[in-house]
Amino acid sequence: MTVLSLLDPRSHAFRADLADARLKGRVEAERFVEGVLKRVTAASTPIRSAPRTDGGIASEALHGEVVRVFEDTIEGWAFLQLETDGYVGYVSSDALGPLDPAPTHRVTALRTFIYPQADLRRPPLGLLSFGSALALGGEAVTRGTPYRLLKNGMGAVVATHVAPIDDAPALDFVSVAERFIETPYLWGGRTSLGLDCSALVQLSLAAAGIKAPRDSDQQAAALGDVLPEGLAGTRLRGDLVFWPGHVGILADPETLLHASGYQMEVVAEPLDEAVARIAVTAGLPSVVRRIAFDQ
């Protein structure tokens, strides 16, 4: 049997008393369960490393994403794994619902409101972030503004803020990332209201049809191709620069785009300045990786 500590708990659902049935033979646990697929029905929900409201946010799940629930506790916590990137943790059971109706569209605006009716003058019911998925049905136009109606009859969104879920992906993920400039930094955040460095990379790549792990160390091990010369070699727009615990995107050979815990927002700053500042606490970049895309 594999020793539990050898498996990354961020991407493998296991505890001493409970484990994902797909890990049977790899870990020891008192019981193994298949899990039940559910969908995030809240606008977004924190994924926590422990079932406590005062625990830190490890990540976030967006509206419409699918999760595999291994346990629902009487205290109202779901132990689960996010199907999007495999992230494991705890969310409030109230944030989850049935799989149906399946999403038809994805939010392409940085954020959009859900209105009770197709009318922007009505008080909104909530706010959805970039990348959220929702099931839309009918159409409506009010005072010249087009809307799409939610299939569950629970409201409407502005039609220009969404696109069919199977639309062609964005051609330039860096342009997507640049839209997040001045978004507040939030450790574990994964929405346009607040996000961290690796979430900026993950969400931007997802818009371009490229799946990425959640955390920067996972991305440094999996995305693109390593550039042996690092920053000393030829730099291209879209190159990913990794430090221990941090990642940024080259907007051009001399500019780093990243969600910065120093500036506490997404910024584009001179690469040399960023490297010198980060070197004080994290050293020089550990690896630079290149993702192939049309520039």
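The values are calculated or read from the model by the stated rules, or taken from the named source; none is laboratory data. This is a predicted model, so every value here is computed, not measured. Backbone-built Cβ (ideal geometry, glycine too); neighbour counts: all protein chains shown.
When residues in the range 121-159 are screened for being touching a residue at least 12 places away in the same chain (Cβ under 8 Å) and within 22 Å of ALA42 (Cα to Cα), 25 of them pass.
Scanning the range 246-268 for residues that are charged (D, E, K, R) and either over 23 Å from the mean Cα position of the chain (by Cα) or not assigned by TED's automatic domain parsing to the domain that holds PRO184 (or both) yields ASP252, GLU254.
Listed by position, the strands (runs of 3 or more DSSP E) contained in the range 78-155 that have at least 1 residues being farther than 30 Å from ARG22 by Cβ are 105-107, 111-114, 126-129, 136-142, 145-150.
For beta carbons closer than 7 Å, sequence separation of 6+ or different chains, a first residue in the range 5-19 that is touching a residue at least 60 places away in the same chain (Cβ under 8 Å) and a second that is among the β-branched types (Val, Ile, Thr), the qualifying pairs are PRO9/VAL88; ARG10/VAL88; SER11/VAL88; HIS12/VAL88; ALA13/VAL88; LEU18/VAL33.
Taking the listed residues LEU149, LEU127, LEU171, LEU136, the one that is modelled with pLDDT under 95 and more than 22 Å from ASP217 (Cβ to Cβ) is LEU171, with no other qualifying.
Is it fair to say VAL107 is without any contact (Cβ under 8 Å) to a residue 60 or more places away in the chain, in contact with a strand residue (DSSP E or B) (Cβ under 9 Å, 6 or more places away or on another chain), farther than 19 Å from VAL40 by Cβ and of a type in the set (A, V, I, L, M)? Quick ask: steps written out before the conclusion?
Numbers: without any contact (Cβ under 8 Å) to a residue 60 or more places away in the chain: yes; in contact with a strand residue (DSSP E or B) (Cβ under 9 Å, 6 or more places away or on another chain): yes; farther than 19 Å from VAL40 by Cβ: no; of a type in the set (A, V, I, L, M): yes.
Answer is no for this residue.
SER216 meets each of the listed conditions (1) among the hydroxyl-bearing types (Ser, Thr, Tyr); (2) within 28 Å of VAL107 (Cβ to Cβ); (3) touching a residue at least 40 places away in the same chain (Cβ under 8 Å) apart from (3).
Within the range 222-245, the set of residues being over 15 Å from HIS258 (Cα atoms) and under 18 Å from the mean Cα position of the chain (by Cα) comprises ALA222, LEU223. Does SER260 fit the bill of being among the polar types (S, T, N, Q), out of contact with any Pro (no Cβ under 9 Å at 6 or more places or on another chain) and closer than 29 Å to ILE165 by Cα? No, not satisfied. Scanning the range 17-76 for residues that are within 25 Å of ASN152 (Cα to Cα) and part of a loop (DSSP other than H, G, I, E, B) yields THR41, ALA42, ALA43, HIS63, GLY64, GLU65, GLY76.
Among the residues of the range 21-71, those that are hydroxyl-bearing (Ser, Thr, Tyr) and either touching a residue at least 40 places away in the same chain (Cβ under 8 Å) or assigned by TED's automatic domain parsing to the domain that holds ALA199 (or both) comprise THR41, SER44, THR45, SER49, SER59. For the range 114-160, filtered to residues that are under 28 Å from the mean Cα position of the chain (by Cα) and among the hydroxyl-bearing types (Ser, Thr, Tyr), the residue that is surrounded by the fewest Cβ atoms within 10 Å (Cβ to Cβ) is THR160.
For the range 211-228, filtered to residues that are touching a strand residue (DSSP E or B) at 6+ places or on another chain (Cβ under 8 Å) and more than 30 Å from PRO46 (Cβ to Cβ), the residue that is surrounded by the most Cβ atoms within 10 Å (Cβ to Cβ) is LEU227.
For GLU182, the requirement of being assigned to a strand (DSSP E or B), of a type in the set (D, E, K, R) and modelled with pLDDT of 95 or more is not met.
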